[in-house]
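Reading through the structure tokens given below for one structure.
The values are calculated or read from the model by the stated rules, or taken from the named source; none is laboratory data. All figures in this text were calculated on a predicted structure; none of them were measured in a lab. Positions of Cβ are generated from backbone atoms using ideal geometry, with glycine treated the same way; all protein chains shown enter the neighbour counts. These accessible areas exclude ligands, DNA and RNA; they are computed on the full protein's heavy atoms, side chains included. Shrake-Rupley method; radii C 1.70, N 1.55, O 1.52, S 1.80 Å.
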Amino acid sequence: ICDGTALSFRRELLPWQQVLQESDSSPEPTYAGSSHKERVFIPKPRGRKLLETFVNHELTEDEMEELLRNVPLSLANVLKEVKHPKKSPDRMKCFLGTLAKNSPVCGFLHPSEELHDFILKVSKGASIRDSVADMEFLQKEVPVLFELVKNGDSSCVPEILRPLLLDLLEVAEKPFNDKVQVPDCCTGETGMDFISFFPGLHQVGNRGKYTADR
């Protein structure tokens with residue numbers, strides 16, 4: 001099965017890397033947020049792998065030290081507080097396991113004005129477990145955090161987790177912060193028009209340039 005882009009590569013016998021390199025020197029601005037490492041919370045694959053092991057199995061002392069060096073500071077501070085010492089406590093497994101996945105943060109923390117305001121409120125120490133409306137919102141929008149709060153010792157999100165939540169929110173919103181206007185013009189200036197559409201269909205817009213193309 002071939003898509004339109006693959007067919008156009010075959011038709012022209014032209015390597016796509018060469019086209020992207022040639023277009024990279026153009027003055028057209030790039031669109032931020034397309035890089036995978038900008039969308040996941042733990043950019044380093046080694047860090048995600050070690051965190052997954054910490055959640056499901058056990059780490060040696062050396063591996064634990066390596067884990068702390070390969071994750072963001074806010075997460076490292078949480079791990080220092082909850083380490084058991086070799087594996088994750090049961091109440092944290094679901095939450096930490098989600099962070100260890102090779103998936104964008106916006107996949108489990110869906111950016112919206114309501115979620116933004118809610119995370120800010122939670123990070124300031126608001127009591128949410130006693131509020132039916134807050135817990136209902138948390139269960140719907142951030143189920144992994146809902147389980148942590150429901151089974152916790154306090155009606156608030158633990159203080160050690162609050163900086164981590166703010167960092168997660170920042171990463172989740174990053175791909176949507178740059179509101180780039182897509183031009184209506186159908187003629188591109190990148191020299192890539194002939195490889196960025198289905199050959200049997202009319203082109204309706206430019207492909208655009210992304211930081212991941214570099």
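Would a scan of the range 163-179 turn up a residue that is basic (Lys, Arg) and at pLDDT below 80?
Checked against the condition, which is being basic (Lys, Arg) and at pLDDT below 80, the range 163-179 yields at least one hit.
Within the set of pairs 6+ apart or on separate chains, which have a first residue in the range 169-185 that is surrounded by 10 or more Cβ atoms within 10 Å (Cβ to Cβ), a second that is at pLDDT below 65, and C-beta atoms under 7 Å apart?
Sorted first by the residue in the range 169-185, then by its partner, the pairs are 174/33; 175/33; 178/31; 178/32; 178/33; 180/31; 183/206.
Going by the structure shown, is residue 145 at pLDDT 55 or above and surrounded by 13 or more Cβ atoms within 10 Å (Cβ to Cβ)? So that I can check it myself, show each step before the final result.
Values: at pLDDT 55 or above: yes; surrounded by 13 or more Cβ atoms within 10 Å (Cβ to Cβ): yes.
Yes, satisfied.
Mind listing whichever residues of the range 109-142 are open to solvent by 30 Å² or more (accessible area, probe 1.4 Å) and aromatic (Phe, Trp, Tyr)?
Matches in the range 109-142: 137 only.
Of the conditions (1) touching a strand residue (DSSP E or B) at 6+ places or on another chain (Cβ under 9 Å); (2) modelled with pLDDT of 90 or more, residue 55 fails just one. Which one is it?
Tallying (1) touching a strand residue (DSSP E or B) at 6+ places or on another chain (Cβ under 9 Å); (2) modelled with pLDDT of 90 or more, residue 55 fails exactly one: (1).
Of all residues in the range 55-86, count the ones that are in a helix (DSSP H, G or I) and either surrounded by fewer than 16 Cβ atoms within 10 Å (Cβ to Cβ) or out of contact with any Lys or Arg (no Cβ under 6 Å at 6 or more places or on another chain) (or both).
20
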